[in-house]
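Engineer: First the structure, then my questions, so here it is.
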Amino acid sequence: MGLLGKIFTWWDGATIGTSLFTARKGEQVGEDIFGNRYFQAKKAEGNFQRRWVIYDGANDASRVPPEWHGWLHHSYDEIPESHLPQPRIWEKAPTGNLTGTAEAYRPAGALESGGRRAAATGDYEPWNPAEAE
């Protein structure tokens, strides 16, 4: 992406303004498995320490893993790698928001999955206007 893309687009990574702000006022504290980088302000504003993420690719909040989400929202102050318990055997790796993609959930009867649904169970009778008179 060229310089103009960095200046005018916000949906695919950090803008030039965010990059300049981060270089001037932020310090990197970590990186997640998706390549997103996490920052906090060098100086706290009173009792508040500002935190933010710069995405590796499209700006999509569903790409932030749960442990980093907790850190971003001040649920705990420690960096997630030092704070989390061991993963459970039943836990899945986090995925992004699949809405609008080919991998999105399609219930039975959805037009995208063929538009066929199970037959009615027998307790349904369609209304017929000719019989209503």
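The values are calculated or read from the model by the stated rules, or taken from the named source; none is laboratory data. Quick caveat, the model's predicted, so the values are computed rather than measured. All Cβ positions, glycine included, derive from the backbone under ideal geometry; neighbour counts span all protein chains shown.
Engineer: State yes or no: is residue 51 over 30 Å from residue 18 (Cβ atoms) and without any contact (Cβ under 8 Å) to a residue 24 or more places away in the chain?
Structural biologist: When the stated conditions are applied, residue 51 does not pass them.
Engineer: Let me ask something additional. Scan segment 35-58 residue by residue and report those that are surrounded by fewer than 16 Cβ atoms within 10 Å (Cβ to Cβ) and under 26 Å from residue 99 (Cβ atoms).
Structural biologist: Hits for segment 35-58 are 35, 52, 56, 57, 58.
Engineer: Okay, moving on. Tell me which of these residue 29 doesn't satisfy, since it passes every other one: (1) in a helix (DSSP H, G or I); (2) at pLDDT 90 or above.
Structural biologist: Unmet condition: (1).
Engineer: What are the residue pairs meeting all of these: first residue in segment 15-26, first residue farther than 16 Å from residue 56 by Cβ, second residue assigned to a helix (DSSP H, G or I), Cβ atoms under 6 Å, and 6 or more apart or on different chains?
Structural biologist: If the second residue must be assigned to a helix (DSSP H, G or I), the pairs left are 16/6; 16/7.
Engineer: Cβ contacts < 8 Å: first residue modelled with pLDDT of 85 or more, restricted to segment 83-103; second residue part of a loop (DSSP other than H, G, I, E, B), any location; separation 6+ or different chain. Result?
Structural biologist: 98/104; 98/105
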